[in-house]
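J.: Below you'll find the structure I mean.
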Amino acid sequence: MTAPVAISLSVNGERVEAHVLPRLNLADFLREHLELTGTHLGCEHGVCGACTVRVGGEIVRSCLMLAVQANDTAVETIEGLSDSGEIADLQAAFRDRNALQCGFCTPGMLMAAQDLLREKRMPARDEIREHLSGNYCRCTGYQAIIDAVEATARMRMELKV
Amino acid sequence: MKASAFAYARATSVAHALELLAVHGEKARVLSGGQSLIPAMNLRLVAPDVIVDIGGLAELRGIAVEGKTLVIGALTRHADLLKSSDIAKFVPLLAAAVAHIAHPAIRNRGTVGGSLAQADPASELPACMLTLGASIVVRGPGGERRIAAEEFFRGIYETQLAPQDLLVAVELPVADSGSAHFFQEFARRHGDYAITGLAAQALLEGDRFAALRLGYFAVGDRPVLAEAADKLTDVAVTPALLAEASDALSDELDPHEDQQATPAMRRHLARILLRRCVASLLKRPDLQLGGVA
């Protein structure tokens, strides 16, 4: 019964069919089976947030989800958001504000930040901090990250007005 | 770390899930959102032979008001509670508590039933259920039964659920008019498990408590309803009385020691929460500032 299970899902808009062992988590499936290595694994128990991806439009921890649970869902990774241009301005702000540092936490930070900016046009700094509180930066670059998210929110406001 | 190998079965209905649990019993674990179970499996704290995935059972999802009772399906997610106008209106304590549960990415997957079945003594929802006088609805081989929250939690990660049981819903009394709530916890980082927390529900009559329930969490092996609340009910609360209730609270709590805090620190934080709670619910800042609690 520990045999592979058939799954069918969409990843960054492309149909994916696979057979996976039940113990395989979604992060490893993305990295090892699909070679989408932008999703990072830090703690593997839900603390660090480096593995954040979108499932059905909502951010989740891909280390706390089995690949078999992703059957019939639409998964979006940092590669999808980056290639579509959805977060080009946010990525530019991270570069401009020196919010990248070593880059390990960056994919998860970008996923979480974009999630907040989709929900709220101009979040206060405290709201940005709270929304990113589940993402660890091991370089402790938090101030610059908050700056970059705030700057992106402001730029998007100005563009829309 | 990674979870050890296991077999996987996707339940297609509650009846199917119960059949799977009847067959596999203690070798199986129920998977809903997985936000407690999967970290425990990744850390190899648990290694079930079989996972029964109930994540697709839409019949267990949703919030409904039935007269004076609010019913929350076991698969309702933390994020759903946070967005629900019924929760905000009828059990506002829960809405306040959920904002402290982990982080958005975890609230999008974590479920009410999963949190209650996990029974982590530092998590918010078990204490809220105790405070609110909830009934836990369970289905097992003998049919459906209701367990009072006060009976349900038995110890660290330990509940009244038998291996063949499935937690299907919780039932909560709708808050009376004139009721008020307080929720606060101390944590190292917003969203982390609490070092000490308090979920309180009160019924106010003028400047007094007609009823007061204080559900403390992370101060023992399970959430506790503090008996010290009785000292503050149906009386005019003075700083001296609050100090007396705080002493009684210290005596009745039996906090554990871990990497985060000593028992003495947890007692101290519990007293601070009591003072803040009473001052806030009675709108008496003097009790918080001037008291010796």
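J.: Going by what's in this entry, would B:A218 be described as farther than 21 Å from B:F90 by Cβ, among the small types (G, A, S) and either touching a Cys at 6+ places or on another chain (Cβ under 8 Å) or surrounded by fewer than 18 Cβ atoms within 10 Å (Cβ to Cβ) (or both)?
T.: no
J.: Can we say B:V46 is β-branched (V, I, T), within 17 Å of the chain's Cα centre (by Cα), surrounded by fewer than 19 Cβ atoms within 10 Å (Cβ to Cβ) and more than 10 Å from chain A (Cβ to nearest Cβ)?
T.: Taking the combined requirement at face value, the residue does not satisfy it.
J.: Look at B:L82 and say whether it is closer than 20 Å to A:V47 by Cα, more than 8 Å from chain A (Cβ to nearest Cβ), in contact with a helix residue (DSSP H, G or I) (Cβ under 9 Å, 6 or more places away or on another chain) and open to solvent by 40 Å² or more (accessible area, probe 1.4 Å).
T.: no
J.: So the check is Cβ under 6 Å with 6+ separation or different chains; which pairs have a first residue in region B:83-103 that's more than 22 Å from B:R189 (Cβ to Cβ) and a second one that's open to solvent by 40 Å² or more (accessible area, probe 1.4 Å) and of a type in the set (A, V, I, L, M)?
T.: B:S84/B:I63; B:D86/B:I63; B:D86/B:V65
J.: Among the small types (G, A, S), under 19 Å from B:A97 (Cα atoms), buried (at least 19 other Cβ atoms within 10 Å of the Cβ) and touching a helix residue (DSSP H, G or I) at 6+ places or on another chain (Cβ under 7 Å): does that describe B:A226?
T.: Judged against the criteria, B:A226 is a match.
J.: For region B:173-208, which residues satisfy the criterion of being β-branched (V, I, T) and either part of a loop (DSSP other than H, G, I, E, B) or out of contact with any strand residue (DSSP E or B) (no Cβ under 8 Å at 6 or more places or on another chain) (or both)?
T.: B:V174, B:I195
J.: Here is a follow-up. Identify all residues within region B:1-41 that are open to solvent by less than 10 Å² (accessible area, probe 1.4 Å), more than 17 Å from B:R109 (Cα to Cα) and facing chain A (nearest Cβ under 8 Å); write none if there are none.
T.: B:A3, B:F6, B:A7
J.: Test A:R125 against the stated conditions and say whether it is within 14 Å of chain B (Cβ to nearest Cβ), in contact with a strand residue (DSSP E or B) (Cβ under 8 Å, 6 or more places away or on another chain) and basic (K, R).
T.: Judged against the criteria, A:R125 is not a match.
J.: Restricting the search to region A:62-85, which residues are among the hydrophobic types (A, V, I, L, M, F, W, C) and in contact (Cβ under 8 Å) with a residue 60 or more places away in the chain?
T.: If the condition is that a residue be among the hydrophobic types (A, V, I, L, M, F, W, C) and in contact (Cβ under 8 Å) with a residue 60 or more places away in the chain, then A:A67, A:V68, A:A70, A:A74, A:V75 are the ones that fit.
J.: Which ones in region A:10-21 are away from every other protein chain (no Cβ under 11 Å), open to solvent by less than 30 Å² (accessible area, probe 1.4 Å) and under 23 Å from B:V50 (Cα atoms)?
T.: Result: A:A18, single match.
J.: Quick one: what pairs do we get from region B:233-259, first residue closer than 19 Å to B:P223 by Cβ, second surrounded by 15 or more Cβ atoms within 10 Å (Cβ to Cβ) and of a type in the set (V, I, T), C-beta under 6 Å, 6+ apart or different chains?
T.: Going by the 6 Å Cβ cut-off, the qualifying pairs are B:L253/B:V219; B:P255/B:V219.
The values are calculated or read from the model by the stated rules, or taken from the named source; none is laboratory data. Computed from a predicted structure; not experimentally measured. Quick reminder, even Gly has a Cβ in these numbers, built from the backbone with ideal geometry, and neighbours come from all protein chains shown. For the accessible areas, the whole protein counts, side chains as well, though only heavy atoms, and no ligand, DNA or RNA atoms are used. Shrake-Rupley method; radii C 1.70, N 1.55, O 1.52, S 1.80 Å.
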